[in-house]
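The values are calculated or read from the model by the stated rules, or taken from the named source; none is laboratory data. Source: prediction; values computed, not measured. All Cβ positions, even for glycine, are placed from backbone atoms using ideal geometry, and neighbour counts span all protein chains on display. Quick note on the areas: whole protein, heavy atoms, side chains included, nothing else; ligands and nucleic acids left out. Shrake-Rupley method; radii C 1.70, N 1.55, O 1.52, S 1.80 Å.
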Amino acid sequence: IPPPKDVVKIAIQMVGAIPQLIELQQTKPLASVLKDVCDAWSLPNAERYALQYADGRQTYITESNRRDIKNGSILRLTTSPDQEAERLFIGIQSKNVDVKTDSLKKLASLSQDITFAQEFISRNGLKQIYSIVEEGNDAGEMLAYTLKAFTELMEHDFVSWENLSTVFIKKIVSYVNMNAVDASIQQLSLSILENMVPTSRLLFELVKKEVTLDRLFTHLQATNAQLQLKAMALLIALLLSATDAERRDMMDYLREKNIRQFIHKNIIHSSEPLGDEMAHYLYVLQSVSLNLCEHRMKMSMDPYSQEQRDLLQSLRQTAFELESEVPAGSFSTERRRSLCAKEFRKLGFLNNSNPAEDLRRAPPGLLALDNMVYFSRNTPNAYSRFVLENSSREDKHECPFARSSIQLTLILCEILHIGEPCSETAQAFYPMFFGQDHFFEELFCICIQLVNKTWKEMRATQEDFDKVMQVVREQITRTLSLKPTSLELFKTRVNALNYSEILKLRQTERLHQEETLAVPVLELRERLKPELLELIRQQRLLHLCEGTLFRKISSRRRQDKLWYCRLSPNHKVLHYGDVEEGVQSPPIESLTEKIPVADMKTLLVGKECPHTKEKSSGKQNKDVLELAFSIVHDVEEYCLNFIAPTRYE
């Protein structure tokens, strides 16, 4: 007979005693359970004790989390969190260096537990931590434990970051700014500042003023990978919290410092593989960089702006310089106007008497004009060739330069997600972005020449304009998906993917679709279906047994905490637990938490998951929604919440 739902069979250990095997009544108050356990070992004062898990994170058992206890769990009888908090609160004030160091070390590990953290903070324990840091008498491991404990305590969100004193913050800043400081202390300090920056405008301004971009760049150049990662994390936090104008200034400064070249050479092409977190930061940096174009993309052309009209005229002059060298006085105004209109028509503007009209559509707005001007100035030969070649074709077959440029700019903005907020989890950056100055403009120069090439291959006329642009979009996206490492390589590959190649690919994909829909194929599929489904089932079970590494994502930031989940070989239990960065597939014994498959109730996905309901903030979390799922288990409806690394996973 299965045991009643409200009873779990567990073992309880205590140092120097024989373990007790008990049936824990979940309806019985914890205080009574503790009294029984203490009585069995003849221990007085049961209120001074508590139960905690013996392995893993060693969380304290409370009334609110006791339902997580599973059959077969091993618990330990230990000092209660309030007693422990009191002991450590006194210990960290000790004059004896060994006692103080040990207390801080214990504090750094226990502070991960929410029950302990609450007890310690309620004794004004944070004030003691502030004073250790503010007085600045301690260094080395004692200071490292203090900062670690502070980070863990703040992680529980009981205390606002805005309560920190300026002295404390400046001390943390000084550890980042000084050279002769242990790397572990610098990492913790960078991490503290990174958490601080998004919480208030005041803290952002303080950190931005005190930690210069120069200093962050020095840390980025460190050989210590963790230090490099934390410096990048703080840089990204500052960029994301800045106003548009501040962000533009910061990016200009980083450009002067050649950060792009440094990242390309020393991070992307370093001998060490790129971790998930660094990949995410590079994605954000790319996204922030590209989003600097958003301002011009959303701005329509103003026909009364002299500067914008000059840019427009420069396009005409560069293309038809020689023809325009007739002295201005020899033409009447009327004649000159009709000549200009003719030249703007040759340039491919739809509204040749008033070409500014073509640039009123935003997006792509003035960004299209910027791209055309960049192309005409930086590759004048290619520009002249494009325009002159098309103005000499028969009317129907010329490829309109301006109209194509406007549409191409829009396509590139959509492909590169310009103007969209950064995703919280994405890691998909383009290595070639960091290999090139003026990436967007240079990409445009390659693709506008591709438009002309594809136009000729398709023998297109004006009516085919949309069709050509559709093919060009496909050429670009297919090539980008190959992740070329440089723009040169992109150029080679995108040009090799000509119109006939695109047709072949489309044909193959279509045939594949049609074949799979033909009657004999459908019949055969029906016959093979049970066998195939069984094969898929086996393959998926194998994958579940191998397990997957998941990331924890908190409401405030990307967490660097990882956990692993795998199915037992007999397919009866899910084992899971926290793991360190760099662990590939931890042995099943090291995963201390478990859920019997028999206890699983339902599987929730996307919006239905409890962990997505807590933090749904519009666009930001669209990608998290696609990757989220939860397993509901046990009678009390507990959930194990996942965010998958990829959609495939």
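Would you mind classifying the stretch 82-282 by shape? Square roots of the alpha carbon gyration tensor eigenvalues, ordered a ≥ b ≥ c; an a/c under 1.5 is rounded, otherwise it is prolate if a/b is larger than b/c and oblate if not.
Prolate, since a/c reaches 1.5 and a/b exceeds b/c.
Once Lys and Arg get +1 and Asp and Glu get -1 on their Cβ, which of Thr151, His417, Gln449 lies farthest toward the positive end of the dipole of the chain? About the Cα centre, the residue reaching furthest to the positive side is Gln449. Think of the stretch 82-282 as a dipole: +1 on every Lys or Arg Cβ, -1 on every Asp or Glu Cβ, centred on the Cα centre; then among Ala180, Ile259, Ile169, Ile259 lies furthest on the positive end. Accessible-area rank, largest first, for Asp634, Asp252: Asp252, Asp634, with all protein chains present and a 1.4 angstrom probe. In the stretch 480-597, a dipole from Cβ-located charges (positive for Lys and Arg, negative for Asp and Glu) runs towards its positive end, and of Pro520, Leu542, Ala496 it is Ala496 whose Cα lies farthest in that direction.
Leaving ligands, DNA and RNA out of it, rank Thr166, Thr592, Thr425 by accessible area with a 1.4 Å probe, largest first. Present the calculation step by step, with values, prior to reporting the outcome.
Details: Thr166 80, Thr592 50, Thr425 20 Å².
Listed by decreasing accessible area, they come as Thr166, Thr592, Thr425.
Calculated translational diffusion coefficient of the chain (37 °C, 0.692 mPa s; Stokes-Einstein with Kirkwood radius over alpha-carbon pairs) equals 110 µm²/s. The Kirkwood radius of the stretch 423-563, taken over pairs of alpha-carbon atoms, gives through the Stokes-Einstein law at 25 °C and 0.890 mPa s a diffusion coefficient of 125 µm² s⁻¹. With each label modelled as a point 7 angstrom along the Cα→C-beta vector, the Lys467-Lys529 pair spans 3.9 nm. Rolling a 1.4 Å probe across all protein chains gives Cys445 an accessible area of roughly 10 Å². Using a 1.4 angstrom probe on heavy atoms only, work out the carbon and sulfur share of the accessible area of the stretch 7-79 in %. The C+S portion of the solvent-accessible surface of the stretch 7-79 is 53 percent.
Top to bottom by accessible area (1.4 Å), largest first, where do Asp466, Asp55 land? Spell out each step's value before the answer.
On the way: Asp466 110, Asp55 75 Å².
Largest to smallest exposure gives the sequence Asp466, Asp55.
Within the chain, the selection of entire DSSP H helices by a Cα span of 30 Å or greater along the long axis and an average Kyte-Doolittle value of at least -0.5 returns 519-546. Accessible area per residue for the chain, computed on protein heavy atoms with a 1.4 Å probe, is 52 Å².
Divide by every residue of the chain the summed helix terms, -39500 (n - 2.57) for each DSSP H run of at least 4, and state the resulting mean residue ellipticity at 222 nm, rounded to the nearest 500 deg cm²/dmol. Don't skip to the end; give the middle numbers.
Values: 27 runs with 340 residues, N = 649.
So the calculated ellipticity at 222 nm is -16500 deg cm²/dmol.
Let a ≥ b ≥ c be the square roots of the eigenvalues of the Cα gyration tensor of the stretch 7-79; is it rounded (a/c under 1.5), or, if not, prolate (a/b larger than b/c) or oblate? Rounded is the answer for the stretch 7-79, as its axis ratio a/c remains below 1.5. When +1 charges are put on Lys and Arg Cβ atoms and -1 charges on Asp and Glu Cβ atoms, the dipole computed for the chain relative to its Cα centre reaches about 920 debye. A simple charge model with +1 on the Cβ of Lys and Arg, -1 on the Cβ of Asp and Glu and nothing else charged puts the dipole of the stretch 471-608 at about 520 debye relative to its Cα centre. A probe of 1.4 angstrom, applied to the heavy atoms of all protein chains, finds His219 with accessible area near 10 square angstrom.
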